[in-house]
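Each remark here refers to the structure printed beneath this line.
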């Protein structure tokens, strides 16, 4: 006698399998093919039980992650304003998937996505050692961090610059997957910068002829508080020079050791693996240090502290001592 076909629930289009959340008898389980039903007739209830257990396992849905705590008006949150950059704010409005947040340290209002906001004191799980998180670093100040050790009463973490500090467990917020990616890249950039700065410190200053002296109206490069800048000699003094900076036209005093000629330099050139100062793209910019990756006839391949590479002309670099 042929076996009856299983009746499909009303509203189920033909050819579309039952939803996995529905409970169906084992005789109608998708795994119970015609051959399996014949086996059931031969081996009795034991085979049927095994088939039913198999169907039950396939019907189970994977556990769903817990939903984030709802955000309400008046709560304090930490917002990721830009990649791995954070501020603390107070929620003024909640609209669908966006918030209006007042930044506490400036009073400015921002419209942000709920996904970019972390509720302070929401009772979220404490991040574990080795995980990236968002840590409090003072009144209304938060920054990216990496947890080194997590105890019930204290969390020890490291900043992107390598500084180690401790905070209360409630002051180390677990980061979302997107924020973790941003923080990881932030740490990698700072690591590159520290390696670059360490090597640059060993390179020394510009390789200039010790007997060189600047002449009147000569174009030079002057070391200021925040870098090397293009300038012109206005007056030669007993212990240095009076110079006029190209960036803003202002005059200033500079000692002899703080003034060097513009390139090119005769008999001195860049070397692969060494460091150079590179002419800025605009007169207002500083001559920034770069690592030399390669040297061609009149071109130099260089890399800055962020690992960005470019090719410049040899006459646009000042070799540093190595």
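All of the numbers you see were taken from the coordinates with simple rules; none came from a lab. Small disclaimer: the values here were computed from a predicted structure and weren't measured. Cβ placement follows ideal geometry from the backbone for every residue including glycine, while neighbour counts extend to all protein chains displayed.
Each of 198, 179 was scored by other Cβ atoms within 10 Å of its Cβ. Listed from fewest to most, they are 198, 179. Using only the C-alpha atoms, the convex hull of segment 87-165 corresponds to 109 Å³ per residue. Taken as Cα centroids, segment 246-289 and segment 148-202 sit 34 Å apart, rounded to the nearest whole angstrom. Treating each Cα of segment 142-233 as an identical point scatterer and summing with the Debye formula, the log10 of I(q)/I(0) at q = 0.25 Å⁻¹ comes to -1.27. Across segment 200-299, Cα-Cα distances exceeding 18 Å account for 48% of all pairs. As a size descriptor, the averaged projected area of the C-alpha convex hull of segment 241-322 was calculated at 6.0 nm².
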